[in-house]
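**Q** Here it is, the structure, as structure tokens.
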Amino acid sequence: MDFMGDLFNYYKQGGPVMHMISLLSLASVTTIFYKLLVFFKVKINTNEFIGKIRGALLKGNVQGAMKACENYKGPIAAIVKTGLLKHGAPREEVERTMENAAIHEVAYLEKFLAVLATITNIAPMLGFLGTVVGMIMSFDIIAEQGLNNPGLVAKGISQALLTTAYGLIVAFVTQPFYNYFISKVSSYTRQIETAANILFETLDEMERMGRAEGKA
């Protein structure tokens, strides 16, 4: 209980800038939980998914492949499905359709990451703003009273240090999650490219198999 009381006192000593940093911390936590939920929902076993798509297509079962896309969900499945829906169209048209779908899906994965990047940059700056305000207060006290009241001088310096620490803590907590989400987006982008390449290779195989059966 004393620990919580001490934290609350430190918070009050930090001054109005602490409230601004708290708003950033709330936005950070909310965004982090939202993104964790998003990436949890889109998580799939990519190798298993691609294997089922290839298996269905090599049997000539395009509808079965699309059904697999519906069962797996997520950006990779959605993009592959857009390609399958264009089955029989010129390859350039299929590629263009899948590229447009990929842009949409990657944008969904990147949604609100700019919020975390902004918080990482702004939180320390607000802390430094509190530092400047606290130092100004300290120098004003020194100018008015000299060094006869060290307690008030120390209070201003304390405010400066508290806001800096709070801003840095928010940034330190936010930055690793931002880096993690960026790495996840990059990973999904690579998986999307791989899935698209395998899809085109499989469609080419289907076409060759069809020609071979026609000749037979």
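The values are calculated or read from the model by the stated rules, or taken from the named source; none is laboratory data. This one's a predicted model, so the numbers in the text were calculated from it and none came from an experiment. In this analysis, Cβ positions are derived from the backbone assuming ideal geometry, glycine residues included, and neighbour counts consider all displayed protein chains. Accessible surface is based on the protein model in full, side chains and every heavy atom, while ligands, DNA and RNA are left aside. Shrake-Rupley method; radii C 1.70, N 1.55, O 1.52, S 1.80 Å.
**Q** For a Förster distance of 30 Å, can you work out the FRET efficiency between the beta-carbons of Glu110 and Glu201, rounded to the nearest 0.05?
**A** Computed FRET efficiency for Glu110 and Glu201 comes out at 0.60.
**Q** Say R0 is 35 Å: what FRET efficiency, to the nearest 0.05, do Asn100 and Gln63 get from their beta-carbon distance?
**A** Efficiency computed from Cβ-Cβ geometry: 0.95.
**Q** Taking only Cα atoms, what is the 0 to 90° angle, nearest 10, from helix 2-14's long axis to the longest principal axis of the chain?
**A** It is inclined by approximately 80 degrees.
**Q** Tally up the carbon and sulfur contribution to the accessible surface of the chain as a whole percent, 1.4 Å probe, everything protein left in place.
**A** It is 64 percent, rounded to a whole number.
**Q** Here is a further query. For the Cα atoms of the chain, what angle does the longest principal axis make with the long axis of helix 91-110, in degrees from 0 to 90, nearest 10?
**A** 20 degrees
**Q** For the chain, find the longest principal axis of its Cα atoms and tell me its angle to the long axis of helix 150-215, 0 to 90°, nearest 10.
**A** 0 degrees
**Q** Over what distance in Å are the Cα centres of the range 19-81 and the range 172-195 separated?
**A** Centre-to-centre distance over Cα atoms comes out at 13 Å.
**Q** If each Cα of the range 50-142 is one equal point scatterer, what is log10 of I(q)/I(0) from the Debye formula at q = 0.14, 0.26 Å⁻¹?
**A** Computed log10 I(q)/I(0) values: -0.65, -1.23.
**Q** In addition: For every other residue with a beta carbon closer than 13 angstrom to the beta carbon of Ala77, add +1 if it is Lys or Arg and -1 if Asp or Glu, then tell me the sum.
**A** Residues near Ala77 contribute +3 overall.
**Q** Something else: Report the convex hull volume per residue for the chain, counting only C-alpha atoms, in Å³.
**A** 121 Å³
**Q** Taking the solvent-accessible surface of protein heavy atoms with a 1.4 Å probe, what is the per residue accessible area of the chain in Å²?
**A** Numbers: 12860 Å² over 216 residues.
Each residue of the chain exposes 60 Å² on average to a 1.4 Å probe.
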